[in-house]
Amino acid sequence: MKQDEIRRVLIIGAGTMGQQIAWQCAAHGCDVVLYDVAAPALENALRQLNDYAAELSAQGFLTTDQCEAARRRITTTTDPRTAAQEIDLISESVPEDPKLKGKVFAQFNALCPPRTIFTTNTSTLVPPQFARASGRPDRLLALHFHPPVWAHNIVDVMPHKGTDPEVTACVLDFARRIGQMPIHLKRENHSYVFNTMFSPVNREALTLAANGVASIEEIDRAWMGIMEMSIGPFGLMDLVGLDTVWHISHYWARRVFFMRQLKKNADFLKSYVDRGWLGVKSGHGFYSYPNPVFQRPDFIRSNQ
């Protein structure tokens, strides 16, 4: 398969990343099926897609006509058989659990055409953890996006040892076709490129807050002031989604047994998730949205 033959894309998982990947593919001419097991998740996704259309049109990323055309290319379903019909490429964004990912891929391996390429948007796992379970390890690799996909348009492309090189080449070309700048990893690496650098910052920021060393605002203020950044670690975690950050933290806390601090950090995050404070997408996380205090001109200089 060549990249220009990828015309129909299936997005598995209608959370923030699934929504954004769906929009990016549709905006670049693909027919997109957005699948989730939960109908309410799809209903929420449709509302969010309309918000993306309004936002991107207002910001000049796309014209109103382009947004309307992209929106028409996206359909939703909770039926896996309907979702799998004539699909050329899958992008999977389900929670960070290799058994779950393997189970989902195995289900769609039985339903999709033999040509279908399987890609995973996992943030910290690597394809060999579920390649065999997928049923088509030679057509499986990581295609990892960064939110917001249309602005932070760097995407990690990471095959594993069993991935067909022609499939990797096809996905690299496809990434460019949908407006992304692919980073081709030459070897497997948990967390890929940017997240490998960013994850320790997240972890240490959470450690400082969970241990009561400084407030969330002060930790972000330190990072933003010294690094001359417009957003800090906690603002970025809000952007990613605190449920996603918690899933990642919880997964590794259960596996790195000598790091009690990881569990403490995961529990700290869980206190926000349990309240429904998931970040930007829920209107409240570490900050309140749409106008978080860290965007104030005087945030770095203020200690109030």
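The values are calculated or read from the model by the stated rules, or taken from the named source; none is laboratory data. Keep in mind that what you see is a predicted model, and the values were worked out from it rather than measured. Neighbour counts are summed over all protein chains in view; Cβ atoms, including those assigned to glycine, are modelled from backbone coordinates with ideal geometry.
Worth pointing out:
- Within region 90-111, tally of residues that are touching a residue at least 40 places away in the same chain (Cβ under 8 Å) and hydrophobic (A, V, I, L, M, F, W, C): 4
- Residues of region 117-147 that turn out to be in contact with an Asp or Glu (Cβ under 9 Å, 6 or more places away or on another chain) and not hydrophobic (A, V, I, L, M, F, W, C), as a count: 12
- Residue, surrounded by the most Cβ atoms within 10 Å (Cβ to Cβ), within region 127-150, restricted to residues that are in contact (Cβ under 8 Å) with a residue 60 or more places away in the chain and out of contact with any strand residue (DSSP E or B) (no Cβ under 7 Å at 6 or more places or on another chain): Val149
- Cβ-Cβ contacts under 6 Å between residues 6 or more apart (or on different chains), taken from a first residue in region 267-290 that is closer than 17 Å to Ala209 by Cα and in the same structural domain as Asn211 (by TED's automatic domain parsing) to a second residue that is in a loop (DSSP other than H, G, I, E, B) and of a type in the set (Phe, Trp, Tyr), are listed as Gly285/Trp277.
- Some residue of region 165-187 being under 28 Å from Leu236 (Cβ atoms), touching a strand residue (DSSP E or B) at 6+ places or on another chain (Cβ under 6 Å) and modelled with pLDDT under 95: no
- Of the residues contained in region 149-163, one or more are found to be of a type outside the set (A, V, I, L, M, F, W, C), at pLDDT below 95, farther than 19 Å from Cys30 by Cα and within 19 Å of the chain's Cα centre (by Cα).
- Residue check, Trp277 touching a Gly at 6+ places or on another chain (Cβ under 7 Å), part of a loop (DSSP other than H, G, I, E, B) and modelled with pLDDT of 90 or more: yes
- Helices (runs of 4 or more DSSP H) contained entirely in region 168-270, each with at least 1 residues that are under 25 Å from Ala142 (Cβ atoms): 194-210, 233-240, 242-253
- So Ser215, is it hydroxyl-bearing (Ser, Thr, Tyr) and more than 24 Å from Asn44 (Cα to Cα): yes
- Within region 191-238, the set of residues being closer than 22 Å to Tyr289 by Cβ, surrounded by 19 or more Cβ atoms within 10 Å (Cβ to Cβ) and within 17 Å of the chain's Cα centre (by Cα) comprises Asn202, Pro233, Phe234, Gly235, Leu236, Met237, Asp238.
- When each of Thr64, Thr124 is tested for being within 20 Å of the chain's Cα centre (by Cα), surrounded by fewer than 21 Cβ atoms within 10 Å (Cβ to Cβ) and of a type in the set (Ser, Thr, Tyr), the lone residue that passes is Thr124.
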